[in-house]
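Laboratory data are not the source of any read-out in this text; all were calculated from the coordinates shown. Owing to the predicted nature of the structure, the values given are computational and were not obtained by experimental measurement. Positions of Cβ are generated from backbone atoms using ideal geometry, with glycine treated the same way; all protein chains shown enter the neighbour counts.
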């Protein structure tokens, strides 16, 4: 009953060559998907195909190879945009979520944030949604305010309402916490922020790979995500932005491709989104991300979410039976992505990760790029197991067996 | 080498019952560092006695078993030694204290954090003394 999977995991696993390898003689049990996902052969083949058959630069050539590359690149933009409910011309390709928040910091923040303004973010953010705003606030003499959390690991909405009274310029919030798995009601947050006159930035790095996302329903001004966490290559991600904002904004980087005309004393800018894609873009990985989106679309994002929810429920049920297991984050599974952060008795996360590695089980250990959140949890570090489409109930059993072995080594 | 070989009785013992753990009321050297990968933190305090000897030494911090046990063992080894002894302290000495576990490139940083803190503190102190 509980073990009924909503995806054909056995068949999916055949698509991922890396899952065939052994680690320390054991079957690889990859549970660090919140850090980066593995890649199906459909994505890997796309990269090989591009470099083997039509490698050339985009948007500047008239020969066959260049036209094919441009077509593949722009087709990828259309599919990635459709995948998150954005219009293709509102979708800027970037290196990843970190580059997206930095793009907004410079291209929007330079002009829009003034001394004395308030920028609002939360203590559950990844460093990529804190540090760019710290830098912006420092540069502009603006105030950076953090919304806290309730004991159940959800955002303190009362405190959020309170800080909105300061009419912040920007509200930057994560859609899904990379540590606790908390899924924030970003539609409600953006609606309230908008009424208070704020521009909104949503970090979707942990949401887009794992659940249906529609940026037009969310109603945010900017939405960012990373390709490598959603079966795509590293070094490619996207920033979806409202057309009016993108059009008004200054460029991020200057160079080729982003210009319309260049004179010795000034230049004019290319249309959105090309205005923000200076230099030769990451063609191969963009096409690879298109293939990743096709793969996920075929699986169906609602089924991906259901599958992870099943794994999450099974994991919480089995892991809580391990003596000394302490879980961090919401207990309500409907509010939680496929992420389990935990500690085991007095074993430090890095010691635990070393022991699990010997069993072939890969989990994240450390501060998870969220030191303010670690401070709130009052721990130096946690362990994190995070799931994806190729994970099975056997993987969770392997994690449990590894935890029991750690208990025995540490004599707990 | 397996995990049970790394996490020997000795390391677990020092992790759970660290020797020289705490703070000194009076000290001449205080040094702190962290290992950003693990979030390990180590502080070492030293009271310098006659002839630049390490008269008293304590450490405090938090982190993985390897970082905390190695720092604790190092304070035991350092007590009573000349400050200049710290200069010739090397990676091999720390690994020997831990029983020569086969640590990978990321975990070796945990083992060497205490030595880094000790060296930073003592070098700083000796540098100041030289200027005097």
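Overview of values
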read-out: Antiparallel content of DSSP bridges confined to the stretch B:3-126, in %, to 5; value: 95 percent
read-out: Semi-axes of the equivalent ellipsoid for the stretch A:44-297, Cα gyration tensor, largest first, Å; value: 32, 22, 13
read-out: Förster radius 41 Å - calculated FRET efficiency between residue A:158 and residue A:61, Cβ distance, rounded to 0.05; value: 0.15
read-out: Protection proxy ranking, peptides A:361-373, B:93-105, average beta carbon neighbours within 10 Å, highest first; value: A:361-373, B:93-105
read-out: Sum of -39500 (n - 2.57) over DSSP H runs of 4+, divided by residues of chain A (222 nm, nearest 500); value: -11000 deg cm²/dmol
read-out: Shielding of B:37-43 by partner chains, average beta-carbon count, 10 Å; value: 5
read-out: Rounded Å value of the spacing that divides the Cα centres of the stretch A:47-106 and the stretch B:4-48; value: 50 Å
read-out: For A:190, A:383, order by how many other beta-carbon atoms lie within 10 Å, fewest first; value: A:190, A:383
read-out: Shielding of A:344-352 by partner chains, average beta-carbon count, 10 Å; value: 6
read-out: Whole-percent pair-distance distribution, where bins are 5 Å wide, for the alpha carbons of the stretch A:1-110; value: 2, 8, 11, 14, 17, 16, 14, 9, 6, 2, 1, 0
read-out: Normalised alpha carbon radius of gyration of the stretch A:143-200 [divisor 2.2 N^0.38 Å]; value: 1.07
read-out: Highest to lowest packing among B:49-55, A:336-342, A:64-70, scored as the average C-beta count within 10 Å; value: A:336-342, A:64-70, B:49-55
read-out: P(r) of the stretch A:220-293 over all Cα-Cα pairs, binned every 5 Å from zero, in whole percent; value: 3, 15, 21, 20, 19, 13, 5, 2, 1
read-out: Among beta bridges that DSSP assigns inside chain A, antiparallel share in %, nearest 5; value: 60 percent
read-out: Over the stretch A:227-269: Kirkwood hydrodynamic radius from C-alpha pairwise inverse distances, Å; value: 13.0 Å
read-out: Sites residue B:16 and residue B:91, calculated FRET efficiency, Cβ-Cβ separation with R0 22 Å, nearest 0.05; value: 0.30
read-out: Inter-chain Cβ neighbour average for residues B:4-11, partner chain, 10 Å; value: 3
read-out: Extension gain (nm, one decimal) between residue A:412 and residue A:299, 0.36 nm per residue minus Cα-Cα; value: 36.5 nm
read-out: Kirkwood hydrodynamic radius of the stretch B:1-69, from inverse mean 1/r over distinct Cα pairs, in Å; value: 13.3 Å
read-out: Surface/4 estimate of mean projected area, convex hull on alpha-carbon atoms of chain B, nm²; value: 7.8 nm²
read-out: The protein assembly as shown: projected area of the alpha-carbon convex hull, averaged over directions, in nm²; value: 30.0 nm²
read-out: Sequence ranges A:41-51, A:104-114, B:111-121, A:177-187, ranked by mean other-Cβ count within 10 angstrom, highest first; value: A:177-187, B:111-121, A:104-114, A:41-51
read-out: Difference of contour (0.36 nm per residue) and Cα-Cα distance, residue A:23 to residue A:260; value: 80.2 nm
